[in-house]
Amino acid sequence: MIPSPPPRHRLPHASGPVAWQDEPGTADRPPGPGFWAVTRHADARHVLQDPATYSSLPGPGELPLLRRLLSHQDPPQHTRLRDHAARALTPERVERFTRTARDRARTLLTQALTKARSTDGVLDLAATVSDPYTSLNLADLLGLPHADRRRLPRWTGPHALEDMTGYARQLIVHRRRYPDDDLTTVLAHNAQLTSAELEMLVPLLLTTGLAPMRDAAAGGLLTLAEHPEAYRGLREKADKLNSAVEELLRWHPPILTIRRTAATDTELSGRRVRRGDKVVVSVAAANHDEQVFSAPDRLDLARTPNPHLSLGAGPHLCLGADFARLQLRVLYEEVLRALPTLRLAGPVPPSGSGVTNRVASLPVRAV
């Protein structure tokens with residue numbers, strides 16, 4: 001529980017809970033016309049839970065291809081398609097992955113530690129363990145053939161959407177011909193879904209399951225490495241892992257910001273928001289709202305309740321939240337078992353993004 005505020009959760013130019021921000025551009029986004037930054041937890045939840053006022057549809061200047069993704073749809077179409085996907089992603093289906101996930105985490109850790117101990121004693125916990133762990137888990141869930149899994153790393157880049165949606169069509173056809181016990185097979189054989197609707201669902205599961213899960217897993221491990229007392233305490237009380245997963249998500253949200261577009265003139269915390277204005281929820285700031293979280297700049301792995309917004313809220317609450325939590329819990333359990341201490345062995349480069357909370361490299365000591 002060492003006080004050590006994570007970077008970037010405070011916006012330097014925010015004059016209030018809802019403030020207009022210039023948009024000079026970031027590593028993964030071009031300059032824009034500006035936006036309303038929403039930093040207070042209550043306002044953030046209000047925006048995310050009111051799709052009639054704050055639309056998920058792509059705004060001006062955004063890729064038209066985004067309109068074909070479920071994450072950029074509004075009710076009622078979004079609700080209908082999400083319900084179909086939720087019925088396919090049953091708790092039983094998720095729970096069946098526990099043993100596979102555990103075996104994968106142990107195998108990756110053993111291989112990485114063996115190699116590190118035979119060389120310089122340093123392993124990149126992100127590149128060699130958490131990144132392949134999360135991507136291969138998703139590949140199993142969706143039923144990607146083994147020959148296609150080499151594509152996964154390039155689908156986390158900023159220009160991967162077109163390639164991913166094209167592959168989704170091929171995967172749907174493949175699973176119609178060769179069904180298996182996976183999510184794509186279930187969706188592809190759902191007679192109530194059209195081909196166009198399937199082409200919204202499968203890419204959504206790929207996009208939301210790849211980069212965000214990757215960044216949540218590595219981000220949680222980075223946080224533990226930066227807080228050795230918390231790591232030591234968690235090894236002694238592993239039964240606190242469920243609350244620890246939530247606190248690590250709060251501390252290092254995989255998505256820093258969520259964009260919406262005002263569908264009508266409205267008012268938010270005393271600010272006049274006009275139709276067409278971009279409204280951006282700062283998840284990192286909302287997760288540190290002192291009105292909601294006691295001592296928000298303290299990492300508290302036993303924190304409860306913990307209503308963080310790292311998995312979203314409202315109609316777009318993370319569809320695979322249970323699968324995400326299972327993966328994180330199992331990975332952290334296996335790291336705690338394999339490494340008595342978790343010590344950084346070098347600098348962790350910042351992502352440079354205003355949207356994703358990427359941990360591209362996580363060098364640690366193999367002790």
Task: Karplus-derived 3J(HN,Hα), 6.51/-1.76/1.60, for each residue of region 274-290, Hz, glycine and proline x - done: 9, 3, x, 5, 7, 10, 10, 7, 8, 4, 4, 5, 4, 6, 10, 6, 5
TODO: Could you compute the FRET efficiency for Thr90 and Glu23, with r as their C-beta to C-beta distance and R0 at 41 Å, rounded to 0.05?
DONE: 0.50
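Given a 1.4 Å probe and every protein chain left where it sits, what share in percent of the accessible area of the chain is carbon and sulfur? Each step should come with its number before you reach the end.
Working: 8890 of 16710 Å².
Carbon and sulfur: 53 percent of the exposed surface of the chain.
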TODO: Would you please put 42-49, 261-268, 340-347 in order of how densely packed they are, using the mean number of other Cβ atoms within 10 angstrom per residue and starting with the highest?
DONE: 42-49, 261-268, 340-347
TODO: Output ³J(HN,Hα) for region 333-345: one whole-Hz value per residue in order, computed from phi by the Karplus curve 6.51 cos²θ - 1.76 cosθ + 1.60 with θ = phi - 60°, and x for Gly and Pro.
DONE: 4, 6, 5, 4, 6, 7, 10, x, 10, 10, 10, 5, 10
- [ ] Tell me which residues come under 5 Å, amide H to amide H, from Thr257 once H is placed; ignore anything under 5 positions away on its chain.
- [x] Val283
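Output the relative contact order of region 232-367, whole-number percent, from Cα pairs under 8 angstrom with separation of 6+ residues.
Relative contact order here is 29 percent.
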Task: Whole-number accessible area per residue in Å² for the chain, which is evaluated in the context of all protein chains at 1.4 Å - done: 46
Task: Value of [θ]222 nm, deg cm²/dmol, for the chain, DSSP H segments ≥ 4, -39500 (n - 2.57) each, nearest 500 - done: -13000 deg cm²/dmol
- [ ] Read phi for every residue in region 37-52 and hand back ³J(HN,Hα) as whole Hz from Karplus 6.51 cos²θ - 1.76 cosθ + 1.60, θ = phi - 60°, with x for Gly and Pro.
- [x] 8, 10, 10, 8, 4, 5, 5, 4, 4, 4, 5, 6, 9, 10, x, 5
- [ ] Could you pull out every residue, at least 5 positions away or on a different chain, whose amide H is within less than 5 Å of the one on Gly32? Hs are placed 1.01 Å off N in the peptide plane, and Pro or chain starts have none.
- [x] Glu23, Gly25
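The values are calculated or read from the model by the stated rules, or taken from the named source; none is laboratory data. Please read all numbers here as calculations on a predicted model, not as lab measurements. Methodologically, a virtual Cβ is constructed for each residue, glycine included, from the backbone with ideal geometry; neighbour enumeration extends over all protein chains shown. Calculation scope for accessible area: heavy atoms of the full protein, side chains included, ligands and nucleic acids excluded. Shrake-Rupley method; radii C 1.70, N 1.55, O 1.52, S 1.80 Å.
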